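Reviewing the structure listed below.
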Amino acid sequence: MSGSSLVGYVDELAVLVAAVVFPVRRLLIHGALRFMTAYWCFAAYAALGIISALLNSVPLSVWAVSGFLFLKGPLLMLGILQIDWHRADLPRIARFGTIGVLVILVSALLNAVAPEAWNSVVGRQEVSYRLGIPSLTGIFDHPVGLASVMGMAFLAILSYRRIVERSMVSLVLMIAAGAVGILTFRRKSIVSVLVVAIGTRLALPGKLTRFVILLVMLLPLALLLGWAPLTEVVTNTYNEYFTNIDSTARTTMTIDSAILAAAAFPLGVGLGRFGSAVASSNYSPVYEELGYTRIYGMGPGERGGFLADTFWPSILAETGFFGLLLYFAGLIMAVYPGWKLMRQSSQPYMQWIGTVAVAWMGQMLIESAVAPVFTGPPMFGLVFGAAGIAAALYAVDTTPARRTEEPPMTTSDLPGGDALLAEPVFRNVRGRHRVEKSR
């Protein structure tokens, strides 16, 4: 909307600030940084990419920018990890998130009322209609952004209702977020939210018998009622990605990435050479060798609208099979502290933030099969931000802390006041405060 290209780099600038300011601040205050095992994986991925780029004579201006784009999520998480997060911050985060969801829902409502007028202001392409209904974009310039964020909002609110508390407000917000997400008509987002919603419920500790029985009873009914549209979507998706392979950019690039990784084993073709936004803006010579200049949506300049529609093909082609495994392992390890909080924490808000981090990563992993969600704003910021907060809280909650780290908490900081303060703020892993469990 601003017409300024500089505004498009706001998220990268925010990442740089977070990756510098917060670690420096922690070093000055505490004398040491927090660290995660995931960063060994990301560091190894970066090393492979740099070596590959140098061996393939990729210009510094190309591979440095491309490498930063794929590592900006982990760098943001590194900065957020250094902040002294406390349990008292989580209700405030929930309230802030509620405001954000409300703003997006209002924008979606305005979009639905006047789709053409709204799109002329914030959109970047023609309004697409499905079943005579416009695909909503909300405050985003494409339905994909709204679909992913509304899916994340739905999962966060659903987890909140399962773990923390239920209210009419949260129910209305959850239903509204789910409805808006469906009205974007993005298949990958709808499927990923359904799969992750069921998966996180099964992973949460507690009684699952009623949920499993309800799932077994409702699943056949849902399949019976929605069989016709479901089969149509599955058929169209199969034909799009597997029948007409040559006419689908994502399938073509996925196949070619595996071929390139095998041909350039073990290091790949170098950062910034395939599948990334940088490879598109600085039209890669690899594309010319593959004949992409003759394929619709895969040419140079404005003709390359489909070149950045994938994620994993870029990782695979540019850094090889080892780079792919390292990056994937880094993502899994990034949410391992969240998984531990989800499975083991006895404090509702702590369990909630862990569940959100795991759920959002699960959703993004599914969507990453057909979209660059780990590099595109705002999705990358949300998922890595949640993972960083969960990891910081897990580190505080499970290890002895120095007195300078101990958060000043009062009964006014948290809902439930005295009940929450009855639990110790920090726990020694050897069981110094095991009385908490017996309580």
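Each value in this text was obtained by applying a stated rule to the coordinates, not by laboratory testing. Remember, it's a predicted structure, so these values are computed and weren't measured experimentally. Using ideal geometry, Cβ is built from the backbone for each residue, glycine included, and neighbour counts are taken over all protein chains shown.
Compare the peptides 141-149, 283-291 by average per-residue count of other Cβ atoms within 10 angstrom and give them in order, highest first. Intermediate results must be reported in sequence, preceding the final value.
On the way: 141-149: 23.4, 283-291: 16.4.
So the peptides 141-149, 283-291, ranked by packing, come out 141-149, 283-291.
Starting from the Kirkwood radius over alpha-carbon pairs of the stretch 1-78, derive D by Stokes-Einstein at 20 °C in a medium of 1.002 mPa s and give it in µm² s⁻¹. Intermediate values should be presented prior to the final figure.
Numbers: Rh = 14.4 Å.
The Stokes-Einstein estimate is 149 µm²/s.
Taking every pair of distinct Cα atoms and averaging 1/r, then inverting, what Kirkwood hydrodynamic radius in Å comes out for the stretch 1-140?
Taking every pair of different Cα atoms in the stretch 1-140, averaging 1/r and inverting gives 19.0 Å.
So if each residue of separation counts as 0.36 nm, and I subtract the Cα-Cα distance between Val172 and Leu202, what length gain in nm does that give? Provide the component values of the computation, followed by the final result.
On the way: separation 30, 0.36 × 30 = 10.80 nm, distance 2.37 nm.
The span from Val172 to Leu202 would gain 8.4 nm if fully extended.
Between beta-carbons, use under 12 Å as the cut-off and find the net charge around Val269, counting Lys and Arg +1, Asp and Glu -1. Provide the component values of the computation, followed by the final result.
Numbers: positive: Arg273; negative: Asp256, Glu289, Glu318.
Net of charged neighbours comes to -2.
Eigenvalues of the Cα gyration tensor times 5, then square-rooted: what semi-axes does that give for the stretch 66-141, in whole angstrom, largest first? Walk me through the numbers before you get to the answer.
Numbers: eigenvalues 228, 78, 15 Å².
Its equivalent ellipsoid spans semi-axes of 34, 20, 9 Å.
Where the eigenvalues come from the Cα gyration tensor of the stretch 70-191, what are the semi-axes √(5λ) of the equivalent ellipsoid, largest first, in whole Å? All intermediate terms of the calculation are to be shown ahead of the outcome.
Numbers: eigenvalues 160, 70, 33 Å².
Semi-axes, largest first: 28, 19, 13 Å.
Output the relative contact order of the stretch 103-185, whole-number percent, from Cα pairs under 8 angstrom with separation of 6+ residues. Write down the numbers at each step before the final one.
Details: 99 pairs, mean separation 25.6, N = 83.
After rounding, I find 31 percent.
Quickly rank 307-313, 80-86 as a protection proxy: mean count of other C-beta atoms within 10 Å, highest first. Kindly include the intermediate steps, with their values, before the conclusion.
Values: 307-313: 23.0, 80-86: 20.9.
Ranked from most to least packed, the peptides come out as 307-313, 80-86.
Using the beta-carbon distance between Arg92 and Phe321 and R0 = 45 Å, what value does 1/(1 + (r/R0)^6) give for FRET efficiency, to the nearest 0.05? Walk me through the intermediate numbers first.
Details: r = 43 Å, r/R0 = 0.96.
My answer for the efficiency is 0.55.
Assuming R0 = 25 Å, what is the FRET efficiency of Ile255 and Leu54, from their Cβ-Cβ distance, to the nearest 0.05? Could the numbers behind the result be given before it?
Values: r = 27 Å, r/R0 = 1.07.
Given R0 = 25 Å and the Cβ-Cβ separation, E is 0.40.
Rounded to the nearest 0.05, what FRET efficiency is calculated for Leu13 and Val216 with R0 set to 51 Å and r the Cβ-Cβ distance?
Details: r = 50 Å, r/R0 = 0.98.
Efficiency at R0 = 51 Å is approximately 0.55.
Need the full-extension length gain, Gln344 to Ala179, defined as separation in residues times 0.36 nm minus the C-alpha distance. One decimal, nm. Intermediate results must be reported in sequence, preceding the final value.
Working: separation 165, 0.36 × 165 = 59.40 nm, distance 3.23 nm.
Computed gain between Gln344 and Ala179 is 56.2 nm.
Which length gain, in nm to one decimal place, applies between Val24 and Glu116 when the Cα-Cα distance is subtracted from 0.36 nm times their residue separation?
Working: separation 92, 0.36 × 92 = 33.12 nm, distance 4.75 nm.
So the chain would gain 28.4 nm between Val24 and Glu116.
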